[in-house]
Amino acid sequence: MIVAHGISKAFVGRKAASVVALRNVDLCVDRGTFVSLIGPSGCGKSTLLRILGGLERPSSGTIDMAPGRGADATETVKTAFVFQDHSLFPWLTVLDNVAFGLRMAGVPKAVRRERARMWLARVGLAGFERHYPEELSGGMRQRLSLARAFVTDPDILLMDEPMGSLDAQTRLLVQEDLIRLWEETRKTVLLVTHSIDEALLLGDRVVVMTARPGQVKLDLRIELGRPRTMAITGERAFGELKAKIWEALRDEVERSLELT
Ligand SMILES: Nc1ncnc2c1ncn2[C@@H]1O[C@H](COP(=O)(O)OP(=O)(O)OP(=O)(O)O)[C@@H](O)[C@H]1O
Ligand SMILES: [Mg+2]
């Protein structure tokens, strides 16, 4: 689904020296795979996501989306973003927030309302259709963001620390929601997170990045069974994977602290 090759990105400052955010990143993601991306602050995770989503151009490197689709290869790949700050529209109701993407895609009103309702029910927000985002809790808003991303049936979901602003317990609930939604839909997902637990809980793969300039340091296949629940965090295999990831990450976090 995604073949990114030799991606580099330098930001040229006006006064400040230029910053090389990414250097020579190779990343291939199979269709229907959930990839967790973890790395020290400032290593270029958001930049990589923005490049893959077409919001930013790489300085060099190539990106091929949905290769090998044969006749469909020219079809545009639909991407949906979920950000930490929800980026919901405060002036639209919960229902209209979810239906917005469908409206942009020209889906008829009755159909988009029905689909939006269905997704709100799937994330546990049935009954809140006529509320406004500010009337929801942080966890509810995050579930609303998930509904909004899934409703358009995207080929690829790019999530940048979507649970970063939630308190620890709400975060566990939304993580469970996301596991369930993913297991039902099997979308291609790239999730940026700072939590090793979250990366492992959700991912089929965990990609660890180096300190800036970001490169892929470790690409680990996560052979934990599905369907997954929080219970796996207590399993021995989980603990071993966690130790392995921290071992790779630790030096990079230390190095990134020296950089700043
Ligand atoms: N638009 C921009 N202009 C200039 N520099 C930028 C820009 N966007 C990002 N950078 C720089 O690129 C580097 C990588 O930033 P990025 O936001 O991708 O990191 P990150 O891994 O997402 O960090 P965090 O975990 O803190 O979110 C940083 O040094 C940042 O200062
Ligand atoms: Mg970021």
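Only the coordinates and a few stated rules stand behind these numbers; no lab work does. Predicted model, so just to flag it, every value in this text is computed and none were measured. Backbone-built Cβ (ideal geometry, glycine too); neighbour counts: all protein chains shown.
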**Study point:** Residues that are away from ligand 2 (no atom under 16 Å from the Cβ) and closer than 16 Å to F238 by Cα, drawn from the range 180-204
**Key:** I196, D197, L200, L201, L202, G203, D204
Check your understanding: Looking at the range 11-56, which of the residues that are over 15 Å from the mean Cα position of the chain (by Cα) and within 12 Å of ligand 2 (Cβ to nearest atom) is surrounded by the fewest Cβ atoms within 10 Å (Cβ to Cβ)?
Key -> S41
Check your understanding: Out of all the residues in the range 221-260, which are over 21 Å from the mean Cα position of the chain (by Cα) and among the hydroxyl-bearing types (S, T, Y)?
Key -> S256, T260
Practice item. Among the residues of the range 216-258, write down those that are within 16 Å of ligand 2 (Cβ to nearest atom) and out of contact with any helix residue (DSSP H, G or I) (no Cβ under 8 Å at 6 or more places or on another chain). Key: E252, V253, S256
Review point. If you check every pair at least six apart or on different chains, which have Cβ atoms under 9 Å apart with a residue in the range 30-51 that is farther than 25 Å from L224 by Cβ and among the hydroxyl-bearing types (S, T, Y) first and a residue that is within 8 Å of ligand 2 (Cβ to nearest atom) and assigned to a loop (DSSP other than H, G, I, E, B) second?
Key: S46/E161
Practice item. Return a yes/no flag: does the range 86-101 have any residue that is within 16 Å of ligand 2 (Cβ to nearest atom) and within 29 Å of W246 (Cβ to Cβ). Key: no
Exercise for review: Select from the range 205-214 the residues that are touching a strand residue (DSSP E or B) at 6+ places or on another chain (Cβ under 8 Å) and within 16 Å of ligand 2 (Cβ to nearest atom) and write down the one among them that is farthest from G39 (Cα to Cα).
Suggested key: P213
**Study point:** Residue among L181, L173, L257, L241 that alone is within 16 Å of ligand 1 (Cβ to nearest atom) and either surrounded by fewer than 22 Cβ atoms within 10 Å (Cβ to Cβ) or not in a loop (DSSP other than H, G, I, E, B) (or both)
**Key:** L257
Point to revise | Options L172, L200, L157, L190: the member that is of a type in the set (A, V, I, L, M, F, W, C) and over 21 Å from L27 (Cα atoms) | key: L172
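Yes/no per residue for (1) out of contact with any Phe, Trp or Tyr (no Cβ under 7 Å at 6 or more places or on another chain); (2) touching a residue at least 24 places away in the same chain (Cβ under 8 Å); (3) among the polar types (S, T, N, Q):
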position: L102; (1), (2), (3): yes, yes, no
position: R117; (1), (2), (3): yes, no, no
position: A121; (1), (2), (3): yes, no, no
position: P133; (1), (2), (3): yes, yes, no
position: S145; (1), (2), (3): yes, yes, yes
position: E161; (1), (2), (3): yes, yes, no
position: Q175; (1), (2), (3): yes, yes, yes
Check your understanding: Within the range 83-100, can one find any residue that is of a type in the set (S, T, N, Q) and out of contact with any Phe, Trp or Tyr (no Cβ under 7 Å at 6 or more places or on another chain)?
Key -> yes
Exercise for review: Name every residue in the range 43-63 that is more than 10 Å from ligand 1 (Cβ to nearest atom) and at positive phi, in order of residue number.
Suggested key: G54, G61
Revision key, fill the gap. All conditions in (1) more than 16 Å from ligand 1 (Cβ to nearest atom); (2) closer than 26 Å to R50 by Cβ; (3) under 19 Å from the mean Cα position of the chain (by Cα) are true of F100 except (3)
Exercise for review: Counting only residues that are in contact with a helix residue (DSSP H, G or I) (Cβ under 6 Å, 6 or more places away or on another chain), exposed (fewer than 14 other Cβ atoms within 10 Å of the Cβ) and not polar (S, T, N, Q), give me the helices (runs of 4 or more DSSP H) lying completely in the range 63-170 with at least 3 of them.
Suggested key: none
Check your understanding: Got a number for residues in the range 144-186 being closer than 14 Å to D85 by Cβ and hydroxyl-bearing (S, T, Y)?
Key -> 2
